[in-house]
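The values are calculated or read from the model by the stated rules, or taken from the named source; none is laboratory data. Small disclaimer: the values here were computed from a predicted structure and weren't measured. Don't worry about glycine lacking a Cβ; one is built from the backbone with ideal geometry, like all the others, and counts go over all protein chains shown. Ligands, DNA and RNA are excluded from the accessible area calculation, which covers all protein heavy atoms including side chains. Shrake-Rupley method; radii C 1.70, N 1.55, O 1.52, S 1.80 Å.
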Amino acid sequence: IYSLGLPLFGACFGHQAIALALGGTVGPNPNGWVFGLTHADIIHKTNWMQDLPPTLKQYGAHIEQVTVLPGNAVVISANSTCSVAGFHIGDRVYTTQNHPEMTADFMAALVAEYAPKLPVDVAETAKTSLADAADTLVYARSIANFFENATKTTKP
């Protein structure tokens, strides 16, 4: 897809798979599990991300992360537990380590399902984090903007 110049978006495992496919690496998160509502600072805004808040709230559920970016990739969001919470490569690749597709109800059910399998502090933090809402709609708009922007510049 990338070599054809087509736009590519990936979330969580997709974010990691894209990084691997394009020459990056993925490994264990030295901070352990990220679970529940996460906050990542936007450190590089692209034109399709203009409406995102300075600190983006998304649902997360991962213990691995991108540890080395693929060539030409730029980190777009990060926090203290995930140094590559999202990246882009030009106007063709847009990723997030988190889950913009998850609803609050789905995440609450996932936290309840995984709580017995997680360290107690991780499960408690995840449960507590769900009192706040994710930036789902504004992030969905950024994905749509990404594809609209890429479609305008894609060569036939």
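Per residue, region 1-48 exposes 50 Å² of solvent-accessible protein surface, assessed with a 1.4 angstrom probe and all protein chains in place.
Tell me, what is the percent relative contact order of region 24-71, built from C-alpha pairs under 8 Å that lie six or more residues apart? Numbers along the way, then the final one.
Details: 65 pairs, mean separation 29.1, N = 48.
Relative contact order, region 24-71: 61 percent.
Once C-alpha pairs closer than 8 Å and six or more residues apart are averaged by separation and normalised to the residue number of the chain, the relative contact order reads 30 percent. Net charge of the neighbourhood of PRO100, taken over other residues with C-beta under 11 Å away and scored Lys/Arg +1, Asp/Glu -1, is 0. If you run the Gaussian network model on the chain, springs between alpha carbon atoms under 10 Å, then out of SER142, SER80, SER129 the most flexible one is SER80. Can you tell me, using C-alpha contacts under 8 Å and at least 6 residues apart, the relative contact order of region 69-124 as a whole percent? RCO, region 69-124: 19 percent.
Measuring nothing but protein heavy atoms, the accessible surface of the chain at 1.4 Å probe radius is 60 percent carbon and sulfur.
Any idea how many Lys pairs in the chain come in under 22 angstrom at the alpha carbon, given 8 or more places apart or on separate chains? Kindly include the intermediate steps, with their values, before the conclusion.
Numbers: LYS45/LYS57; LYS45/LYS152; LYS57/LYS127; LYS117/LYS127.
Total qualifying Lys-Lys pairs in the chain comes to 4.
Working note: 222 nm ellipticity from helices only, DSSP H runs with n ≥ 4, each -39,500 (n - 2.57), summed and divided by the residues of the chain, gives -9500 deg cm²/dmol to the nearest 500. Protein-only accessible surface at a 1.4 angstrom probe places the residues THR25, THR151 in the order THR151, THR25, largest first. The phi-based Karplus calculation (6.51 cos²θ - 1.76 cosθ + 1.60; θ = phi - 60°) puts the 3J(HN,Hα) values of region 91-104 at 10, 10, 10, 9, 9, 9, 6, 9, 10, x, 7, 7, 8, 4 Hz, whole numbers, x for Gly and Pro.
Under a 5 Å amide H cut-off, with hydrogens placed 1.01 Å from N, GLU64 pairs with ASN29 among residues at least 5 apart or on other chains.
Going by accessible surface with a 1.4 Å probe and the largest first, LYS57, LYS117, LYS127, LYS45 read LYS117, LYS127, LYS45, LYS57.
Each residue of the chain gets 104 Å³ once the volume of the Cα convex hull is shared out per residue.
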